[in-house]
Amino acid sequence: MATVIVNIVLLCTAALSANAQITSFTASNPSPTVGDTITLSCSATGNTAPDFQFWSGTRSSFNTPYLEIVESKTVSQAGNTYTATLKVKAILANNLRNGESLTCRTMLDGVESKKELQLTTYFDCSTVPVKSLNPDGNGATITQTDLGGGSLKQTISCPADTSTTKYKLFTQANSGEEITCTRETGKYEPAFLAICQETRAFSSGTGMQKMTIPTSAEKPAPCTSEAAGEWSISVMKQKLNSLTDSNCGFRHAVSCLKSGECTLDTTRSGCRYESGKIIMEYFVNFNSPVWTLVQRDGLVQLGGRVKFWSCSGTYG
């Protein structure tokens, strides 16, 4: 339940003796929030104290869902001035139904006088939950601005870009960089704070080349667990990962290895044999991160056949 702010316009009447008159009817705080108290004061002058009563709405009692009494009525005297006070607390907003009438009534010698006031209560946005579409933990910050009178504004700020991550605010029909809750509505519009979308750079890439082995070829095929010598998995891995062989290896075919824009991950790169094909797979780490798929794919593109035969080096 949202808390409220009260704006009170007060009016009081009294009926005293023939010489009596009303001097004031005031509120100690014209715009309190829930938890604060409002002191209603109704004063009159005369030779005798009248019977003061405070009513709500059309009822002959103080019974309203928007206020609650926190201290019973008291009457004090200063000379021929009599003042009745009642302490109340605002607990609900009624501005959407145009407020509520309150009455201060006095009775003296069977003569009644009363006047009405219109009391309007407003929402306190400090108790309204702030909702965000942004995931927790991505470094975004939310700043609150007090607009006064119980109204608040929330603003989301994305983290600063880093060498590997960029952020961009993404808004939809129900979200925004700023959302505002006013005391008149008691809700945030738009309903949600927007998302700080993350774009992560590509720091690595991978690719493969497949070579079909004819059924007539000598068995066992290269890169199988049965292969031995220069066609064994361990020796084939040395050939493919070589950085010095003038004929063999990934470095002669992978674009970024040829241009010096990446380094070969020799631990993960190698070969295997599946369904009649040698699969030569390579993994590279880029010297500088790239931001688009086009850039990444261009760096790992193959520019020719990966050779593992007629090598210049000696392996074993």
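Take Leu117 and decide whether it is in contact with a Leu (Cβ under 7 Å, 6 or more places away or on another chain), within 30 Å of Asn47 (Cβ to Cβ) and buried (at least 19 other Cβ atoms within 10 Å of the Cβ).
Values: in contact with a Leu (Cβ under 7 Å, 6 or more places away or on another chain): yes; within 30 Å of Asn47 (Cβ to Cβ): yes; buried (at least 19 other Cβ atoms within 10 Å of the Cβ): no.
So Leu117 does not fit the description; no.
Residue under question is Leu152, and the condition is that it be open to solvent by 40 Å² or more (accessible area, probe 1.4 Å) and in a strand (DSSP E or B); does it hold? So Leu152 does not fit the description; no. Whenever a residue of the range 56-73 is within 13 Å of Gly35 (Cα to Cα) and among the charged types (D, E, K, R), its partners that are modelled with pLDDT under 95 and open to solvent by less than 70 Å² (accessible area, probe 1.4 Å), lying with C-beta atoms within less than 6 angstrom and at least six residues away or across chains, give the pairs Glu68/Lys89; Glu68/Ile91.
Tally time: how many residues in the range 282-316 are among the charged types (D, E, K, R) and either in a loop (DSSP other than H, G, I, E, B) or open to solvent by less than 50 Å² (accessible area, probe 1.4 Å) (or both)?
So in the range 282-316, the residues among the charged types (D, E, K, R) come out as 296-297, 305, 307.
Restricting the remaining residues to those that are either in a loop (DSSP other than H, G, I, E, B) or open to solvent by less than 50 Å² (accessible area, probe 1.4 Å) (or both) gives 305, 307.
So the count comes out to 2.
Just so you know, in the range 172-207 the residues that are touching a Cys at 6+ places or on another chain (Cβ under 8 Å) and not in a strand (DSSP E or B) include one that is surrounded by the fewest Cβ atoms within 10 Å (Cβ to Cβ), and it is Lys187. Looking only at the range 74-93, residues that are surrounded by 15 or more Cβ atoms within 10 Å (Cβ to Cβ) and without any contact (Cβ under 8 Å) to a residue 40 or more places away in the chain come to 1 in all.
Of all residues in the range 226-245, exactly one satisfies the criterion of being open to solvent by 70 Å² or more (accessible area, probe 1.4 Å), hydroxyl-bearing (Ser, Thr, Tyr) and either part of a loop (DSSP other than H, G, I, E, B) or touching a residue at least 40 places away in the same chain (Cβ under 8 Å) (or both), namely Thr244. Could you tell me whether any residue of the range 208-225 is open to solvent by 70 Å² or more (accessible area, probe 1.4 Å), at pLDDT 95 or above and part of a strand (DSSP E or B)? Within the range 208-225, one or more residues are open to solvent by 70 Å² or more (accessible area, probe 1.4 Å), at pLDDT 95 or above and part of a strand (DSSP E or B).
Would you check which residues across the range 265-279 are in a strand (DSSP E or B) and either touching a helix residue (DSSP H, G or I) at 6+ places or on another chain (Cβ under 6 Å) or among the aromatic types (Phe, Trp, Tyr) (or both) and list them?
Going through the range 265-279, the residues in a strand (DSSP E or B) turn out to be 270-274, 277-279.
Of everything in the range 265-279, those that are in a strand (DSSP E or B) and either touching a helix residue (DSSP H, G or I) at 6+ places or on another chain (Cβ under 6 Å) or among the aromatic types (Phe, Trp, Tyr) (or both) turn out to be Gly270, Cys271, Tyr273.
The values are calculated or read from the model by the stated rules, or taken from the named source; none is laboratory data. Nothing here was measured: the structure is a model prediction, and the numbers come from that model. No Cβ is skipped: glycine too gets one built from the backbone with ideal geometry, and neighbour counts run over all protein chains shown. All accessible areas refer to the heavy atoms of the entire protein, side chains included, with ligands and DNA or RNA removed. Shrake-Rupley method; radii C 1.70, N 1.55, O 1.52, S 1.80 Å.
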